[in-house]
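Only one structure is covered here, and it is reproduced in the block below.
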Amino acid sequence: MILANENFSKVQATYLFSDIARRVREFSEANKNASIIKLGIGDVTRALPQACVDAMGKASREMGVDATFRGYGPDYGYEFLREAIAHYDFQARGADISADEIFVSDGAKCDTGNFQELFSTTTIKVAVPDPVYPVYVDTNVMAGRTGPAVDGRYEGLVYLDCTEENKFVPDVPAGQVDLIYLCFPNNPTGATATKEQLGAFVDYAHKHKALLLFDAAYEAFIVDEDLPHSIYEIPGAKEVAVEFRSFSKSAGFTGTRCGFTVVPKECRVFNSSGEAIPLAPLWKRRMSTKFNGVSYPVQRAAEAVYSEEGRAQCKELVAGYLANAKIIRERLASKGFKPTGGDNSPYIWFNTGMDSWKFFDKLLKEAQVVTTPGSGFGRCGNGYIRISAFNSLEKVVKAMDRICGVL
Ligand code: MLT
């Protein structure tokens with residue numbers, strides 16, 4: 001008989017954002033005249049930068065002519081894009097990353113979900129922050145690295161509590177852990193980590209022969225000049241860290257799909273004899289077996305993000321969302337809440353003083369605003385709500401008027 005992967009029965013029945021979408025759909029069907037404003041899932045609303053649109057259009061036309069048509073692209077992404085990424089995102093910030101350490105993909109969700117395939121499913125200990133982007137947890141559950149969930153936490157995983165006390169930046173694990181997921185600026189809390197704080201994780205990884213999976217999908221929102229954008233700004237990180245990036249939020253690519261993962265040549269894992277082996281060949285092998293690359297027009301659009309106009313247009317895009325975030329923070333503070341995030345991140349996180357889903361329902365029903373319940377990100381999110389700044393200024397102002405009107 002065809003036996004199902006029973007690890008899937010351990011994972012929560014639906015993905016958080018699918019669950020929210022279902023609730024919103026049911027509410028809309030029952031309230032046909034409701035004018036719902038979505039500040040839930042972090043999906044961008046503003047148009048692609050013109051530089052990207054132009055580049056994508058030009059590349060599409062090239063695909064329509066035999067002489068310039070292109071079939072399968074290079075396994076790890078076109079050189080023109082990998083070079084631009086290495087230069088602008090890393091070398092310009094003093095991080096010594098070269099084009100052949102960059103692997104272009106269809107986004108950070110897929111890469112952060114897929115990367116765990118490179119590691120043992122039976123022996124490694126995995127640590128995740130709590131609250132956490134659900135993809136890190138669910139993919140490890142599906143792979144069989146955990147027991148069942150008990151009181152909202154999977155047996156076998158190590159949870160790194162992120163609370164008001166530690167300003168939502170966890171301490172390094174107390175004991176031996178082999179794989180650690182980190183995300184800064186953080187989804188969902190909007191917290192950021194200093195060089196010293198990331199340095200402690202790099203030191204831990206060296207000492208414990210561990211690996212860090214660093215999700216930097218929101219780095220474009222950092223405005224504070226002292227904050228690191230990349231884990232590779234930390235000395236020693238290249239041996240012990242992989243970094244994930246995305247064009248989704250920084251250049252409006254949620255529907256266009258492009259991101260990349262950095263696996264430095266020095267980055268090592270260990271075989272069962274305890275010998276260090278390079279990690280990059282494993283990721284290369286996985287990519288060439290399971291992925292056929294991002295389309296040529298989309299890679300040209302991503303390349304345009306780094307042109308002079310592209311950089312200015314992306315900066316403006318991000319500044320617009322950050323201006324929304326400031327309004328959300330200020331309006332919540334005016335109601336006596338103590339929001340975090342939103343200054344170097346598009347997410348604002350606050351303690352509601354009541355059950356997260358009840359508060360979510362209150363805002364949906366009474367203010368017709370969609371948010372994200374913090375408990376959906378883990379036990380430490382109980383009582384919290386995440387508000388996303390991804391919408392137009394007009395809708396954010398209207399949503400906050402309505403929210404403040406019902407609080
Ligand atoms: C979120 O709302 O947390 C993000 O949109 C999820 C994602 O980028 O996949």
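The values are calculated or read from the model by the stated rules, or taken from the named source; none is laboratory data. It should be emphasised that the depicted structure is a prediction, and the values quoted were computed from it without experimental measurement. Here the Cβ is made from the backbone with ideal geometry for all residues, glycine too, and neighbour counts use every protein chain on show. Just the protein is used for accessible areas: all its heavy atoms, side chains included, with ligands, DNA and RNA removed. Shrake-Rupley method; radii C 1.70, N 1.55, O 1.52, S 1.80 Å.
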* Asked: Can you pull out the residues in segment 344-403 that are under 19 Å from the mean Cα position of the chain (by Cα) and polar (S, T, N, Q)?
  -> ASN344, SER345, THR371, THR372, SER375, SER388, ASN391
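Condition check ((1) over 20 Å from PHE184 (Cα atoms); (2) more than 16 Å from the ligand (Cβ to nearest atom)) across all residues:
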position: ALA323; (1), (2): no, yes
position: ILE327; (1), (2): yes, yes
position: ARG331; (1), (2): yes, yes
position: GLY336; (1), (2): yes, yes
position: PRO339; (1), (2): no, yes
position: ILE348; (1), (2): no, no
position: MET354; (1), (2): yes, yes
position: PHE359; (1), (2): yes, yes
* Asked: List the pairs whose first member sits in segment 102-123 and is on the phi > 0 side of the Ramachandran plot, whose second member is buried (at least 22 other Cβ atoms within 10 Å of the Cβ), and whose Cβ atoms are under 8 Å apart, counting only residues at least 6 apart or on separate chains?
  -> GLY107/SER246; GLY107/SER248; GLY107/PHE253; GLY107/CYS258; GLY107/GLY259
* Asked: Quick one: would you say ALA237 is within 16 Å of the ligand (Cβ to nearest atom) and out of contact with any strand residue (DSSP E or B) (no Cβ under 7 Å at 6 or more places or on another chain)?
  -> no
* **Top-ranked residue of segment 19-42 - restricted to ones that are assigned to a loop (DSSP other than H, G, I, E, B) and open to solvent by 70 Å² or more (accessible area, probe 1.4 Å), ranked as nearest to the ligand (Cβ to nearest atom)** => ILE41
* **ILE124, sole failed condition from (1) in a strand (DSSP E or B); (2) more than 16 Å from the ligand (Cβ to nearest atom)** => (1)
* Asked: When residues of segment 257-273 are filtered for being more than 12 Å from the ligand (Cβ to nearest atom) and open to solvent by 30 Å² or more (accessible area, probe 1.4 Å), how many remain?
  -> 7
* For segment 376-398, what are the residues that are farther than 25 Å from TYR15 by Cα, touching a helix residue (DSSP H, G or I) at 6+ places or on another chain (Cβ under 7 Å) and away from the ligand (no atom under 16 Å from the Cβ)? -> LEU393, VAL397
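Quickly run through segment 241-251 and pick out the residues that are out of contact with any helix residue (DSSP H, G or I) (no Cβ under 6 Å at 6 or more places or on another chain) and not in a strand (DSSP E or B). Write out each step before concluding.
Filtering segment 241-251 down to residues out of contact with any helix residue (DSSP H, G or I) (no Cβ under 6 Å at 6 or more places or on another chain) leaves 242, 245, 248-249.
Once the filter is applied, which keeps residues that are out of contact with any helix residue (DSSP H, G or I) (no Cβ under 6 Å at 6 or more places or on another chain) and not in a strand (DSSP E or B), segment 241-251 yields SER248, LYS249.
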